[in-house]
Amino acid sequence: MTAVNLPFRDRRHAGQVLATHLEHYRGRAGLLVLALPRGGVAVGFEVARELRAPLDIFVVRKLGVPGHEEYAMGAIASGGVKIMNPMPGLTVGPAAIAAVVEREQAELVRREHLYRKQRLAVPLHGRTVLVVDDGLATGSTMQAAVLAIRQQHPLHLAVAV
């Protein structure tokens, strides 16, 4: 068996390395790190710690292709945002898409309650927001997050992965 050398020991280490590339944000007024659960939270925690910035979460859900749920046909986010990816050579009917959206919307709401408890989301208007995740596959969830965050009019928005 051949050993594989991965670039990071774990998500915590990845967040520490990512933070070194984001040092120019340290000290900005209104800086906020928004992590995409689940994997982005460990990365975002380290970024927020290193930059001495508050941390919050932003829940998004991938819309998986029925029968191939790991392949994203799109994503949803708070604020009614839904994006769909082009899927050349693959057809998913409107009823199947609607069923996936309905299921994932319910899960998005459930996770919002689970993660937040009684805490309100931090207002984003006029803030510098760093959206952090642990990686991108199709980019659907990040795209949905960015569109939803833009609705709240941050002063500056950056994606860090």
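The values are calculated or read from the model by the stated rules, or taken from the named source; none is laboratory data. None of the values given here were measured: they were computed from a predicted structure. Cβ sites come from the backbone with ideal geometry, for glycine too, and all protein chains shown count toward neighbours. Areas reflect the complete protein model, heavy atoms only, side chains present, ligands, DNA and RNA absent. Shrake-Rupley method; radii C 1.70, N 1.55, O 1.52, S 1.80 Å.
Given a 1.4 Å probe and every protein chain left where it sits, what share in percent of the accessible area of the range 23-96 is carbon and sulfur? Let's see the in-between values first.
Details: 2040 of 3610 Å².
Carbon plus sulfur share of accessible area: 57 percent.
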* Asked: Once amide H atoms are built 1.01 Å from N in the peptide plane, which residues 5 or more positions from residue 64, or in another chain, come under 5 Å H to H?
  -> 73
* Can you check what the net charge comes to around residue 33, using other residues whose Cβ is under 13 Å from the Cβ of residue 33 (Lys, Arg +1; Asp, Glu -1)? => +1
* Could you work out the helix-only [θ] at 222 nm for the chain, with each DSSP H run of four or more residues adding -39,500 (n - 2.57) and the total divided by the number of residues, to the nearest 500 deg cm²/dmol? -> -11500 deg cm²/dmol
* Structure fact -> Interchain or sequence-distant (5+) residues whose placed amide H lies within less than 5 Å of the amide H of residue 57 are 35
* **Between helix 39-51 and the chain: long-axis angle, C-alpha atoms, 0 to 90°, nearest 10** => 20
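Please label the shape of the range 53-109 as rounded, prolate or oblate, based on the square roots a ≥ b ≥ c of the eigenvalues of the alpha-carbon gyration tensor (a/c under 1.5 means rounded; beyond that, a/b larger than b/c means prolate, else oblate). Before the final figure, lay out the partial values.
Numbers: a/c = 2.45, a/b = 1.91, b/c = 1.28.
Prolate is the answer for the range 53-109, as a/c is 1.5 or above and a/b outweighs b/c.
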* In Å and from the alpha-carbon atoms only, list the Rg and Dmax of the range 88-161. => 15.2, 44
* the chain: mean projected area of Cα convex hull, nm² -> 11.4
* **Cα lying deepest toward the dipole's positive end in the range 37-161, options 139, 160, 108, charges on Cβ** => 108
* Structure fact -> Taking Cα atoms only, helix 11-20 is inclined relative to the longest principal axis of the chain by an angle, in degrees rounded to 10, of 50
* Within the range 1-96: Cβ-based charge dipole about Cα centre, in debye rounded to nearest 20 (Lys, Arg +1; Asp, Glu -1) -> 200
* **Tilt relative to the chain, helix 140-150 - C-alpha long axis, 0 to 90 degrees, to 10** => 60
* Asked: Suppose every K and R has +1 on its Cβ and every D and E has -1 on its Cβ; what is the size of the dipole of the chain about the Cα centre, in Debye to the nearest 20?
  -> 500
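Roughly how many Å² is the accessible area per residue of the range 48-90, as a whole number, for a 1.4 Å probe? Before the final figure, lay out the partial values.
On the way: 2170 Å² over 43 residues.
Value for the range 48-90: 50 Å² per residue.
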